[in-house]
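Q: Please read through the structure below; I'll follow up with questions.
Please treat every number below as a calculation from the coordinates, not as lab data. The structure displayed is predicted, hence computed values, not measured ones. All Cβ positions, glycine included, derive from the backbone under ideal geometry; neighbour counts span all protein chains shown.
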Number of protein chains: 2
Amino acid sequence: MNHSSNEKEPETIEPLRYISKTEVATIETELLRDYRFGQQQLIEIWGHACAIAITKVCEVNTNYTVHRCDLHNSLYLPLPEYEPTIFYPKRSPQSLHQDFTVQCEKMDIPFLSYLPTEVQLLNDAYNLVIDAILGPETDHKEVKEPYAGMLVTLKQVKIPIVSVDVPSGWDVDEPAKDGINPEVLISLTAPKKCATGFSGKHFLAGRFLPYDIQKKYELNLPEFPGTECVIEL
Amino acid sequence: MNHSSNEKEPETIEPLRYISKTEVATIETELLRDYRFGQQQLIEIWGHACAIAITKVCEVNTNYTVHRCDLHNSLYLPLPEYEPTIFYPKRSPQSLHQDFTVQCEKMDIPFLSYLPTEVQLLNDAYNLVIDAILGPETDHKEVKEPYAGMLVTLKQVKIPIVSVDVPSGWDVDEPAKDGINPEVLISLTAPKKCATGFSGKHFLAGRFLPYDIQKKYELNLPEFPGTECVIEL
């Protein structure tokens with residue numbers, strides 16, 4: 001890329017910007033429509049980056065396989081040695097999501113048919129919850145079943161929660177007051193306003209974002225070291 | 001994954017298998033039809049792995065951006081600091097390939113309108129050629145223009161060539177006698193028969209391959225260290 005070498009402005013490091021719900025939608029539209037990123041491609045990039053971030057917070061002393069999954073309204077419950085279990089209560093009718101679901105099934109990743117309401121069962125059986133239930137497009141004031149019940153459960157679990165992009169049930173534009181409390185947050189593309197005061201471990205999966213988009217929206221993303229697709233903020 | 005822990009056979013390390021042209025097609029069909037991998041997803045996975053492998057052979061002392069491109073019948077000529085130039089003589093009519101092309105264009109990656117036949121120009125202007133011109137599906141005995149001319153040029157360049165999957169013009173099933181002579185080969189999914197005696201640096205981008213396919217075709221892929229998507233063989 002010849003951007004950096006042609007850059008004429010002096011190098012001042014502006015702070016990373018936390019974007020609004022409206023900007024999330026605008027940037028995604030631009031990526032899909034103007035840059036012609038594919039949704040399948042973005043899911044692959046994001047899913048891979050999430051898997052890498054999770055290995056950074058949850059190292060295991062064994063050889064492991066990193067799985068990328070469809071991130072659509074599901075919950076991942078990895079066991080030690082990265083043996084994930086998926087709870088995916090409402091199957092998407094879209095072939096894009098169905099394809100990723102088949103990939104998981106064919107790779108023998110077990111799907112839970114229901115989420116135990118007895119929280120102790122989850123605490124005992126799993127080491128970590130990956131929350132990819134609700135995305136930034138959801139109205140946090142109108143969370144319907146079965147997601148509302150899942151959030152009640154997640155508020156009570158004692159095992160750490162890793163939230164993908166926006167913690168489920170949070171408003172994109174404001175930090176949550178009484179929502180779920182993830183220990184780890186993996187922001188996709190750019191961090192959202194609600195993550196401004198986030199005190200847990202915060203990763204950003206935004207390396208793929210074209211430089212011109214970063215500049216146009218003044219995102220001030222940090223430099224990703226080496227070939228890393230995620231960075232801890 | 002519960003495969004490794006449930007494995008009952010004793011751990012004997014079988015040698016990596018080099019697959020035939022027929023097996024290449026069978027495995028790809030199985031990935032797409034049964035496992036429902038998408039072509040866009042596979043291109044993203046392979047392109048990313050190629051970019052990572054290239055950073056391993058061609059380190060630069062500066063911050064860089066790793067680009068993934070459509071690998072369809074094109075040639076990449078990266079400059080120092082990873083400033084790639086693409087020569088893509090025959091545009092694909094498929095929207096899948098067009099989308100990746102737009103991504104490259106919108107990211108300001110220059111496209112060459114013709115490939116200089118004066119080899120010295122290439123030697124002077126570029127540090128490395130990435131050959132992704134012809135894939136395993138091409139009949140090596142019937143290479144047409146403009147690819148035949150490109151191969152003549154590539155046989156003469158003095159800068160190193162990195163070939164992706166099958167060096168252009170080689171037969172998948174047999175090592176080439178008088179074809180191009182890459183210094184580096186990046187095998188996708190599994191190495192092909194033609195790479196059996198390859199003496200250059202050889203990388204394998206196969207981590208994504210589901211365990212059951214690896215087993216069914218007795219590929220005996222090596223263990224990929226850490227979270228690496230490529231391994232040097």
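Q: List B:Tyr88, B:Tyr211, A:Tyr35 from most exposed to least, where exposure is judged by having the fewest other Cβ atoms within 10 Å. Don't skip to the end; give the middle numbers.
A: Values: B:Tyr88 21, B:Tyr211 14, A:Tyr35 17.
The fewest-first ordering by Cβ neighbours comes to B:Tyr211, A:Tyr35, B:Tyr88.
Q: Okay, moving on. Taking 7 Å along the Cα-to-C-beta vector as the label spot, tell me the B:Lys155-A:Asp212 distance in nanometres, rounded to one decimal.
A: In this crude label model, B:Lys155 to A:Asp212 measures out at 4.0 nm.
Q: Quick check: net charge around A:Gln40, other residues with Cβ under 9 Å of its Cβ, Lys/Arg +1 and Asp/Glu -1?
A: On the way: positive: none; negative: A:Glu44, A:Asp99, B:Glu44.
Within the 9 Å Cβ shell, the charges total -3.
Q: Under the convention of a label 7 Å out along Cα→Cβ, give the distances in nm from A:Val57 to the same position in every other copy, shortest first.
A: 3.7
Q: Can you give the three extents of the C-alpha atoms in the stretch B:15-232 along their principal axes, from longest to shortest, in whole Å?
A: Rounded to whole Å, the extents work out to 47, 38, 36 Å.
Q: Treating the beta-carbon of each Lys and Arg as +1 and of each Asp and Glu as -1, no other charges, what is the dipole magnitude of the stretch B:15-232 about its Cα centre, to the nearest 20 debye? Can you show the working numbers first?
A: Working: 20 positive and 30 negative charges, 48 e Å.
The dipole magnitude comes to about 240 debye.
Q: Right, next: Between A:Thr29 and A:Ser92, what length comes free when the chain is fully extended (0.36 nm per residue of separation minus the Cα-Cα distance, one decimal in nm)?
A: Details: separation 63, 0.36 × 63 = 22.68 nm, distance 2.09 nm.
Extending this stretch completely gives an extra 20.6 nm.
Q: Moving on to the next point. Taking other Cβ within 10 Å of each residue's Cβ, how do A:Leu154, B:Leu96 sort, fewest first?
A: Working: A:Leu154 24, B:Leu96 17.
By the 10 Å Cβ count, ascending, the order reads B:Leu96, A:Leu154.
Q: Would you mind counting up the charge near A:Tyr18? Only other residues with Cβ under 15 Å from its Cβ, with Lys and Arg at +1 and Asp and Glu at -1.
A: On the way: positive: A:Arg17, A:Lys21, A:Lys192, A:Lys193; negative: A:Glu14, A:Glu23, A:Asp165, A:Asp171, A:Asp173, A:Glu174, A:Glu218.
Every neighbour counted, the sum reads -3.
Q: Same structure, new question: Show the residues, 5+ positions off or on another chain, whose built amide H is closer than 5 Å to the amide H of A:Gly206.
A: A:Thr189, A:Ile231
Q: Kindly flag which residue pairs out of B:Lys158/B:Lys193; B:Lys56/B:Lys201; A:Lys21/A:Lys155; A:Lys21/B:Lys106; A:Lys21/A:Lys193 have an alpha-carbon separation exceeding 19 Å in this structure. Present the calculation step by step, with values, prior to reporting the outcome.
A: On the way: B:Lys158/B:Lys193 26 Å; B:Lys56/B:Lys201 10 Å; A:Lys21/A:Lys155 24 Å; A:Lys21/B:Lys106 25 Å; A:Lys21/A:Lys193 8 Å.
From B:Lys158/B:Lys193; B:Lys56/B:Lys201; A:Lys21/A:Lys155; A:Lys21/B:Lys106; A:Lys21/A:Lys193, over 19 Å: B:Lys158/B:Lys193; A:Lys21/A:Lys155; A:Lys21/B:Lys106.
Q: Within 10 Å of each candidate Cβ there may be at most 12 other Cβ atoms; applying that plus a DSSP loop requirement, which trypsin sites (Lys or Arg not before Pro) in the stretch A:133-225 survive?
A: Values: sites: A:Lys141, A:Lys144, A:Lys155, A:Lys158, A:Lys177, A:Lys192, A:Lys193, A:Lys201, A:Arg207, A:Lys215, A:Lys216; in loops: A:Lys144, A:Lys158, A:Lys177, A:Arg207.
The qualifying sites are A:Lys144, A:Lys158, A:Lys177.
Q: What number, in nm² with one decimal, is the all-direction average of the projected area of the convex hull of the alpha-carbon atoms of the stretch B:178-233? Before the final figure, lay out each step's value.
A: Working: hull surface 16.6 nm².
So the Cα hull casts an average projection of 4.2 nm².
Q: Considering the convex hull of the alpha carbon atoms of the stretch A:134-204, report its projected area averaged over all viewing directions, in nm², one decimal.
A: On the way: hull surface 17.6 nm².
Value for the stretch A:134-204: 4.4 nm².
Q: Less than 10 Å Cβ to Cβ from B:Ile159, Lys/Arg counted +1 and Asp/Glu -1: what total charge do the surrounding residues give? Walk me through the intermediate numbers first.
A: Values: positive: B:Lys158; negative: B:Asp124, B:Glu183.
Summing Lys/Arg as +1 and Asp/Glu as -1 gives -1.
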